[in-house]
Amino acid sequence: MNERHMFDMVRDQQPVTLPANASVQEACRRMRERRVGAVLVTEGDDHLVGIFTGRDAICRVLAEGLNVERTQLADVITRDPDTMAPDKTAVEALRLMQDGGYRHVPIVHQGRIVGIVSRGDFRGLEQARLDEETGLWERI
């Protein structure tokens, strides 16, 4: 199988980014408009400081009864998320997501955001390869 790399998957991607002082409501609106499940939260010159996902909106905001208009992303994001370099393979990204228990991974090169991948971006063959590798490790 010809392995895809992160740079192939995020080429020409323009991920949704917002500053940490943006409201949860703004983040949710942007996710809805762009039909994505995560917003990359930045400071300064696109320096990644966190990620806000639909799961965060439910578990950290709605379930806690927070006001979406007044709650800032800085208060509810996952800070310093795991990231991947653009030269990593699809199977490596899937492995990271599986091991970490999350669905989105920011792709960062030399401190700059170049994109984001989510579990749904991967092909069946890539998932099958991960399952095969996982099975091998479990038998060892």
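The values are calculated or read from the model by the stated rules, or taken from the named source; none is laboratory data. Source: prediction; values computed, not measured. Positions of Cβ are backbone-derived with ideal geometry, glycine not excepted, and every protein chain shown enters the neighbour counts.
Quick notes on this one:
- Just one of the numbered conditions (1) surrounded by 12 or more Cβ atoms within 10 Å (Cβ to Cβ); (2) free of Cβ contacts under 8 Å to residues at least 40 places away in the same chain; (3) under 16 Å from the mean Cα position of the chain (by Cα) is not true of THR42: (2).
- Residue satisfying condition, being surrounded by fewer than 18 Cβ atoms within 10 Å (Cβ to Cβ), closer than 19 Å to ARG123 by Cα and not hydroxyl-bearing (Ser, Thr, Tyr), within set ASP75, ASP87: ASP87
- Search result, residues across segment 1-12 that are part of a helix (DSSP H, G or I), surrounded by 15 or more Cβ atoms within 10 Å (Cβ to Cβ) and not aromatic (Phe, Trp, Tyr): MET6, MET9, VAL10
- Counted residues, segment 1-38 - those being in contact with a helix residue (DSSP H, G or I) (Cβ under 8 Å, 6 or more places away or on another chain), of a type outside the set (Lys, Arg) and modelled with pLDDT under 95: 5
- If the condition is being surrounded by 11 or more Cβ atoms within 10 Å (Cβ to Cβ) and on the phi > 0 side of the Ramachandran plot, then segment 99-114 contributes no residue at all.
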